[in-house]
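Below you'll find the structure, written out as structure tokens, and then a few comments.
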Amino acid sequence: MRLTSMNLPISRTRIVHSIIMAVYVMIPFCVVNAQIDGDNIFSVDQVISIDLAFPQDDFWGDLQTHYAADENEYIPAMLTLTDVSGTHVMDSVGVRLKGNSSYSHPGVKKSFKIDFNKYISGQNYDGLKKLNFSNGFKDPTCMREKLFFDVCREAGVPAPRASFANVTFNGEAWGFYAVVEQIDDQFLDWAIEEDSGNLFKAGDNFGGGGPGGGGGGNDTAADLADYGTDPGVYADRYELKTNEDVNDWSDLISFIDFINNTNLDVFAEGIDFRMDVDGFLRSAALDMLFSNLDSYTGSARNYYLYHNQDSNLWEWIKWDGNEALGSYTNGAGNMETLALNYANPTRPLLERMFDHDELYSRYLDHVCELTETIFNETHLHERIDVVTELIASSVYADDNKMYSNADFEVNLVSNLSGGGGGPMGGTTYGLKSFVTNRSAYVASQLECQTVSDLETLASSLHAFPNPAQ
């Protein structure tokens, strides 16, 4: 394993691979004006309105009881949804509470999920079957998740779309939420353009260490380590989200066997025939740049693996970005100076990539391209300002939020410490200060010498929202 610190900058001269990286960025945005499911909510930056009218006398008690029993049971409600397309009323949607550490958000502002067709078969909204509502746990700015996912998709990494919502329950203001797309066959249709393969979700693995920022090592980590050939052994680590009736885990087990039980050269020669390697390396580079350690890199949570049946390659999909920009430390210290090759042991897929010189070189090429085009002050500070203007009034109006209005304003630009860091304590990094300091640190460790103008062309094609309409 490489050392997790670098004393001298690594010089990167990229000619042929620069062209590959530029094309990699351009490909996802060559098709424009395509209508896809969920565009009413996600095609433009907006704050939608959601009202859920519950017929139960004690709907809140019912929701909490089901959550406490770990039943994933829904209760019915009438939905009124207003977005750029107008106001829509739907009868009998399913609602349940969700989340792990986010459930400790004080008061009633818990994360929740809506299932449009839970009680009425075939019912959907704009082609979507489910929506997730995140409560901004450990995020005074309320925008980390959307900011991170938007950047991931802009970089060509599959990630759910995100928007915002003002939510009321039975007409009572409940809070300002991030709205996050469900990873399901609708997502696969537009993001992967193939949906017949096995989709595995990394399990929650909160069995050890506890939620909120401690170590990720425990007995059920979705670490892609080898635990034998019995599918039942993996059931606490991963969830099969498609083809459940067939319930065939042999492809995942075979992939895990290859990752762990081949020598390094054989691994390097064969991994491109089994996985979208550049997609994974680019995803890992984003986790590193954003110090997003509540991910495979750190906690071994919050990702999906999809086995694309057209390409026969495994593809990596992002999930749960509310603690990006350093809000989950994983015991790794200062998040602004996190090493470029940090990986919490044992993460064999990432560690083996880093151990092989050619694969690690490809990873560093992605880091260079991302810092030059996306992860920098010029790009992200402007984006933060745009989102701030969109959501500020809604944040101020949310009486159930976890932080004060002053915390919101401060954390956009600088750190909050002590009590300002929320119930887990510590430092909550400021968005702009983190981008400034993190990008400066990465630049001090890695000299990226650009020799192709194609990257400039590629960066000019970036657009919000993503996919570009």
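The values are calculated or read from the model by the stated rules, or taken from the named source; none is laboratory data. Remember, it's a predicted structure, so these values are computed and weren't measured experimentally. Note: ideal-geometry Cβ built from the backbone for every residue, glycine included; neighbour counts use all protein chains shown. For the accessible areas, the whole protein counts, side chains as well, though only heavy atoms, and no ligand, DNA or RNA atoms are used. Shrake-Rupley method; radii C 1.70, N 1.55, O 1.52, S 1.80 Å.
One line per residue, one yes/no per condition, for (1) touching a residue at least 60 places away in the same chain (Cβ under 8 Å); (2) aliphatic (A, V, I, L, M); (3) in contact with an Asp or Glu (Cβ under 7 Å, 6 or more places away or on another chain):
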position: Ile253; (1), (2), (3): no, yes, no
position: Phe258; (1), (2), (3): no, no, no
position: Val266; (1), (2), (3): no, yes, no
position: Tyr296; (1), (2), (3): yes, no, no
position: Tyr303; (1), (2), (3): yes, no, no
position: Asn322; (1), (2), (3): yes, no, yes
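(1) hydroxyl-bearing (Ser, Thr, Tyr); (2) assigned to a helix (DSSP H, G or I); (3) under 20 Å from Ala222 (Cβ atoms): which one isn't true of Thr371, the others all being true?
Condition not satisfied by Thr371: (3).
Modelled with pLDDT of 95 or more, in a loop (DSSP other than H, G, I, E, B) and more than 23 Å from Asp189 (Cβ to Cβ): does that describe Leu293? Working first, answer last.
Details: modelled with pLDDT of 95 or more: yes; in a loop (DSSP other than H, G, I, E, B): yes; more than 23 Å from Asp189 (Cβ to Cβ): yes.
Yes: the conditions hold for Leu293.
Looking at Ser393, Ser361 in this structure, which one is among the hydroxyl-bearing types (Ser, Thr, Tyr), part of a helix (DSSP H, G or I), modelled with pLDDT of 95 or more and farther than 27 Å from Gln182 by Cα?
Sole residue among the options that is among the hydroxyl-bearing types (Ser, Thr, Tyr), part of a helix (DSSP H, G or I), modelled with pLDDT of 95 or more and farther than 27 Å from Gln182 by Cα: Ser361.
So how many residues does segment 65-101 have that are touching a residue at least 40 places away in the same chain (Cβ under 8 Å), open to solvent by 50 Å² or more (accessible area, probe 1.4 Å) and over 24 Å from the mean Cα position of the chain (by Cα)?
Adding up the residues that qualify gives 2.
Is it fair to say Tyr234 is open to solvent by less than 60 Å² (accessible area, probe 1.4 Å), within 22 Å of the chain's Cα centre (by Cα) and at pLDDT 95 or above?
no
Can you tell me which residue among Tyr342, Tyr304 is surrounded by fewer than 24 Cβ atoms within 10 Å (Cβ to Cβ), in a strand (DSSP E or B) and modelled with pLDDT of 95 or more?
Every option except Tyr304 fails the conditions.
Find the residue count for segment 387-396, including only residues that are open to solvent by 70 Å² or more (accessible area, probe 1.4 Å), out of contact with any helix residue (DSSP H, G or I) (no Cβ under 9 Å at 6 or more places or on another chain) and not small (Gly, Ala, Ser).
Of the residues in that region, 1 qualify.
Identify the residue in segment 307-339 that is among the acidic types (Asp, Glu) and part of a loop (DSSP other than H, G, I, E, B) and, among all such residues, is farthest from Ala285 (Cα to Cα). Give the derivation first.
So in segment 307-339, the residues among the acidic types (Asp, Glu) come out as 310, 315, 320, 323, 336.
With part of a loop (DSSP other than H, G, I, E, B) added as a condition, the list becomes 310, 320, 323.
Numbers: Asp310: 26, Asp320: 16, Glu323: 16 Å.
It comes out as Asp310.
Pull up segment 147-174, narrow it to residues that are open to solvent by less than 10 Å² (accessible area, probe 1.4 Å) and not hydrophobic (A, V, I, L, M, F, W, C), then point me to the one that is nearest to Leu370 (Cα to Cα).
Glu154
Residues in segment 309-328 that are among the polar types (S, T, N, Q) and either open to solvent by less than 10 Å² (accessible area, probe 1.4 Å) or closer than 23 Å to Ser101 by Cα (or both): how many?
So the answer is 2.
Answer yes or no: is there a residue in segment 238-249 that is over 14 Å from Pro348 (Cα atoms), β-branched (Val, Ile, Thr) and at pLDDT 95 or above.
Yes, segment 238-249 contains at least one residue that is over 14 Å from Pro348 (Cα atoms), β-branched (Val, Ile, Thr) and at pLDDT 95 or above.
Within the bounds of segment 347-357, is there any residue that is under 28 Å from Asn376 (Cβ atoms), in contact with a strand residue (DSSP E or B) (Cβ under 7 Å, 6 or more places away or on another chain) and either open to solvent by 10 Å² or more (accessible area, probe 1.4 Å) or of a type in the set (A, V, I, L, M, F, W, C) (or both)?
Looking through segment 347-357, none of the residues is under 28 Å from Asn376 (Cβ atoms), in contact with a strand residue (DSSP E or B) (Cβ under 7 Å, 6 or more places away or on another chain) and either open to solvent by 10 Å² or more (accessible area, probe 1.4 Å) or of a type in the set (A, V, I, L, M, F, W, C) (or both).
Among the numbered criteria (1) at pLDDT 95 or above; (2) assigned to a loop (DSSP other than H, G, I, E, B); (3) not hydrophobic (A, V, I, L, M, F, W, C), which single criterion is violated by Asp272?
Evaluating Asp272 over (1) at pLDDT 95 or above; (2) assigned to a loop (DSSP other than H, G, I, E, B); (3) not hydrophobic (A, V, I, L, M, F, W, C) leaves (2) as the failure.
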